[in-house]
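Please treat every number below as a calculation from the coordinates, not as lab data. Note that the coordinates shown come from a computational prediction; the quantities given were computed from them, not determined experimentally. Please note: Cβ atoms are built from the backbone with ideal geometry, for glycine as well, and neighbour counts cover all protein chains shown.
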């Protein structure tokens, strides 16, 4: 953009001219700091840090030695398409793959405006474009420094921050409402899988490994009610620029359904080979089994795709089990507790297929293919 197109008083600046990377290296065990923030603790398009780890509880890798303080902006430099920008409101430690950034001079760039600048589409597009690597793309801070943007005078920055801050405040209120709704849904799911919705004091109950259940219910292993329980390809494929979509856990983690907006691709020949093992179809259920565990999604499309080993695919027997009933089972606290007892791996959590197959699923009468059957039972 030329200076002629700028508003009066605005200037075009390079990112590196008005911000700097904070490199305060400390030993986490001797720093006295209690909390650390890893990439998984930061959310997409969420400026607030809502989760963190505790120093000294579990393994903390050697990369975690960068101190941050309240007001610093944290930016995830790995897989920048995930758009992880957050503002610290406490002091802690992060890894060197998370950039700690601050304004060079608050008289030129208000610190409060910096995170909003880093949330713009143009900043993310620049970061993604400059990222290196295909499997786990990353960006260097030096490649962010020459990102250019238009900077208003400080007084106008204050007005912009006021408006954006108010919008963020209202967004946070909506988030809290959404969280309350999610808690209500979780409680409903849990009560439904224990047969507590609509029960009366005269109902006959039975004791089971997962709790007190209606006498007409029974536990069945997933292997009894699924025709197939497998995981995806065990070797990392050769990705291509276009072809058949290839899904990883990230595609399950983004959004309430399967996210196909950011996928890698494999050749049709590789896809055909991979599908000899899996062959995903509409109505099948996908579940994450490595790292982030138990995220379940129902396939609601006829689009062809392949899956990585970190995802399990389950094909319910349609005469016995509704896909959405199974998906909600994976959301239940019953499943999560049983899963926790089977999890292996210290750094990267993992669940074995055999443990999926032996999961005890509550069997009830549902209308195959009819989600209203689930809703009627409160599931």
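Rg to Rh for segment 3-160: what is it, with Cα atoms only and Rh by Kirkwood? Expressed as Rg/Rh, it is 0.99.
A viscosity of 0.692 mPa s and a temperature of 37 °C, combined with the Kirkwood radius over C-alpha pairs in the Stokes-Einstein formula, give segment 194-376 a diffusion coefficient of 188 µm²/s. Hydrodynamic analysis of the chain uses the Kirkwood radius over alpha carbon pairs. Inserted into Stokes-Einstein at 10 °C and 1.306 mPa s, it gives a translational diffusion coefficient of 67 µm²/s.
Distance between the 7 Å Cα→Cβ label points at residue 59 and residue 159: 5.4 nm.
For segment 292-312 versus segment 141-186, the inter-centroid distance based on Cα atoms is 32 Å. Annotation for segment 5-31 versus segment 234-286: alpha-carbon center distance of 38 Å.
Calculation over all alpha carbon pairs of segment 128-273 in 5 angstrom steps from 0 returns a P(r) of 2, 6, 8, 9, 10, 11, 11, 12, 10, 8, 6, 4, 3, 1, 0 percent. Simple spin-label estimate for residue 20 and residue 78 gives 2.8 nm between the two label positions (7 Å along the Cα-to-Cβ direction from each Cα).
Computed per residue of the chain from DSSP H runs no shorter than four, each worth -39500 (n - 2.57), the mean residue ellipticity at 222 nm is -7500 deg cm²/dmol.
Site pair residue 96 and residue 187 shows an inter-label distance of 4.8 nm when each label is modelled 7 Å from Cα along Cα→Cβ.
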